[in-house]
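A quick write-up on the structure given underneath.
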Amino acid sequence: MYVIAVANQKGGCGKTTTTVNLSASLAYLGKKVLVIDFDPQAHATSGLGFDPDKIEFSIYDVLSSLSQQKKDLDSVVQQVSENLFLVPSSILLSTLEQELSDEIGRETRLWSALSQMKGQYDYVLIDCPPNLGFLTINALRSANEVLIPLEMSFFSFNGVNQLLDIINLVRERLNHNVDYRILMTMFDSRLQYSYYVQDAIKERFGDKVCKTIIHINVKLRESASHGKPALYYDKYCRGAKDYLSLARELLSYLEAPEPLDKGWKPQSPSAPSKEMGRDMPLRMVEFIFPDPNVKEVYIAGDFNGWRIGEDSKLEKRNGVWVKSMALPPGRYRYRFVVDGKWMDDPNNPMKEKNPYGELDSLLNVG
């Protein structure tokens with residue numbers, strides 16, 4: 001069970017939008033996902049279709065010592081859809097810090113509750129409040145990783161630096177190491193300023209920045225007002241596609257890709273390998289992306305488990321992006337990831353629609 005805290009002390013950066021839509025995308029890809037709404041405003045609760053005023057039990061009843069209806073975490077879980085579940089919040093959660101002020105171990109309250117559910121879910125996403133107080137520290141102590149949504153504004157840098165200080169404090173005081181990743185949100189491709197901030201973020205945080213970029217999309221706001229993730233509201237809108245791309249990227253670095261075929265272990269580009277007792281010579285395939293004006297290009301497909309990393313990055317040669325791979329004969333689907341955006345191969349006419357409403361390019365290695 002991998003726990004991700006979605007946190008940023010600055011409001012309006014897409015924190016709850018990311019929690020709701022990333023969780024729905026992971027569930028859509030077959031993962032069993034639990035969302036914990038840890039914000040007293042309960043926006044994730046309403047964003048997943050529940051009225052906070054009509055919820056009988058919430059996360060407060062799990063963590064509080066004074067609640068007259070004390071519950072364990074499993075008993076307050078609400079099912080949103082297949083594979084997607086929610087632990088709702090309520091305004092009472094805002095009183096928890098004062099209520100537990102004299103208790104020993106209050107920073108590990110959520111972690112203790114989650115420990116009882118170990119193995120029940122593939123991923124747990126915690127929507128943190130927009131501050132760095134007691135609730136956020138509880139979430140950081142419970143998490144394996146912090147996902148930090150960062151809007152295209154230089155003011156957002158200050159909030160990130162303070163959050164990183166809290167992550168270091170959790171490491172030193174609570175003896176808990178938690179990794180972090182930066183997610184660029186509210187990207188407006190019409191504005192040069194967005195690209196300027198993007199470059200500054202990549203220069204500041206390097207490989208901690210997600211390849212996927214979340215673009216401004218009105219459907220994200222519309223879906224929230226209807227109490228649905230964008231994927232359930234309009235699965236073909238750009239917001240839904242962006243969060244599906246983010247979910248794929250997340251899975252690509254958290255889950256090792258399965259081998260193409262059991263028993264296939266390439267030794268070198270020219271060396272044959274055994275498959276079902278037959279010699280299967282590898283074929284050299286060259287992938288080319290023609291636009292010299294983009295900043296980075298990756299390739300992901302059936303042949304590498306849709307994994308994005310340094311080994312899938314194209315090199316710029318003579319004004320085009322190139323990647324050579326040694327592949328066994330077979331039929332493969334693949335896509336390019338260009339400056340964080342997934343797209344099909346513009347030079348390959350063979351395409352087929354995938355389950356997400358997008359086009360995969362097809363490759364037949366003879």
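The values are calculated or read from the model by the stated rules, or taken from the named source; none is laboratory data. Since this is a predicted model, take the numbers as computed values, not measurements. Using ideal geometry, Cβ is built from the backbone for each residue, glycine included, and neighbour counts are taken over all protein chains shown.
Per-residue answers, yes or no, for (1) among the β-branched types (Val, Ile, Thr); (2) in contact with a helix residue (DSSP H, G or I) (Cβ under 8 Å, 6 or more places away or on another chain):
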site	(1), (2)
Lys31	no, yes
Pro40	no, yes
Ser46	no, yes
Ile55	yes, yes
Ser65	no, yes
Glu99	no, no
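May I ask you to say which residue of Leu100, Leu63 is modelled with pLDDT of 85 or more and either within 18 Å of Val6 (Cβ to Cβ) or assigned by TED's automatic domain parsing to the domain that holds His226 (or both)? Even if it seems obvious, please write down each step before you answer.
Values: Leu100 fails: modelled with pLDDT of 85 or more.
Sole residue among the options that is modelled with pLDDT of 85 or more and either within 18 Å of Val6 (Cβ to Cβ) or assigned by TED's automatic domain parsing to the domain that holds His226 (or both): Leu63.
Could you list all residues from the stretch 70-89 that are more than 25 Å from the chain's Cα centre (by Cα), closer than 26 Å to Tyr123 by Cβ and either surrounded by fewer than 16 Cβ atoms within 10 Å (Cβ to Cβ) or not charged (D, E, K, R) (or both)? Show your work before the answer.
Looking only at the stretch 70-89, we keep the residues that are more than 25 Å from the chain's Cα centre (by Cα), and these are 70-72, 75.
This time we only want the ones that are closer than 26 Å to Tyr123 by Cβ, so: 71-72, 75.
Of everything in the stretch 70-89, those that are more than 25 Å from the chain's Cα centre (by Cα), closer than 26 Å to Tyr123 by Cβ and either surrounded by fewer than 16 Cβ atoms within 10 Å (Cβ to Cβ) or not charged (D, E, K, R) (or both) turn out to be Asp72, Ser75.
Pick out the one residue from Asn158, Asn175, Asn217 that is crowded, with 16+ Cβ neighbours inside 10 Å and among the polar types (S, T, N, Q). Talk me through it step by step, then tell me what you get.
Details: Asn158 fails: crowded, with 16+ Cβ neighbours inside 10 Å; Asn175 fails: crowded, with 16+ Cβ neighbours inside 10 Å.
Result of the check over Asn158, Asn175, Asn217: Asn217.
Looking at the stretch 110-129, which of its residues are crowded, with 19+ Cβ neighbours inside 10 Å and either over 14 Å from Met1 (Cβ atoms) or free of Cβ contacts under 8 Å to residues at least 60 places away in the same chain (or both)?
Ala113, Asp127, Cys128, Pro129
I'd like the full set of residues that are at pLDDT below 90, under 28 Å from the mean Cα position of the chain (by Cα) and assigned to a loop (DSSP other than H, G, I, E, B), limited to the stretch 301-322.
Within the stretch 301-322, Gly305, Trp306, Arg307, Ile308, Gly309 qualify.
Residue by residue, here is whether (1) outside any loop (DSSP other than H, G, I, E, B); (2) surrounded by 13 or more Cβ atoms within 10 Å (Cβ to Cβ) holds:
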residue: Met284; (1), (2): yes, no
residue: Pro292; (1), (2): no, no
residue: Tyr298; (1), (2): yes, yes
residue: Ser324; (1), (2): yes, no
residue: Arg335; (1), (2): yes, yes
residue: Asp345; (1), (2): no, yes
residue: Asn348; (1), (2): no, yes
residue: Leu362; (1), (2): yes, yes
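Being farther than 22 Å from Leu66 by Cα and part of a loop (DSSP other than H, G, I, E, B) narrows it down to one residue among Tyr121, Tyr180; which is it?
Details: Tyr180 fails: part of a loop (DSSP other than H, G, I, E, B).
Sole residue among the options that is farther than 22 Å from Leu66 by Cα and part of a loop (DSSP other than H, G, I, E, B): Tyr121.
If only one of Leu164, Leu147 is outside any loop (DSSP other than H, G, I, E, B), touching a strand residue (DSSP E or B) at 6+ places or on another chain (Cβ under 8 Å) and surrounded by fewer than 22 Cβ atoms within 10 Å (Cβ to Cβ), which one is it? Give the steps one after another, and end with the answer.
Working: Leu147 fails: surrounded by fewer than 22 Cβ atoms within 10 Å (Cβ to Cβ).
Matching residue, one of Leu164, Leu147: Leu164.
Please verify whether the stretch 103-115 includes one or more residues that are of a type in the set (Phe, Trp, Tyr) and out of contact with any Ser or Thr (no Cβ under 6 Å at 6 or more places or on another chain). Before you say what the answer is, go through the steps one by one.
Let us first name the residues in the stretch 103-115 that are of a type in the set (Phe, Trp, Tyr), namely 111.
Then keep just the ones that are out of contact with any Ser or Thr (no Cβ under 6 Å at 6 or more places or on another chain); that gives none.
No, the conditions are met nowhere in the stretch 103-115.
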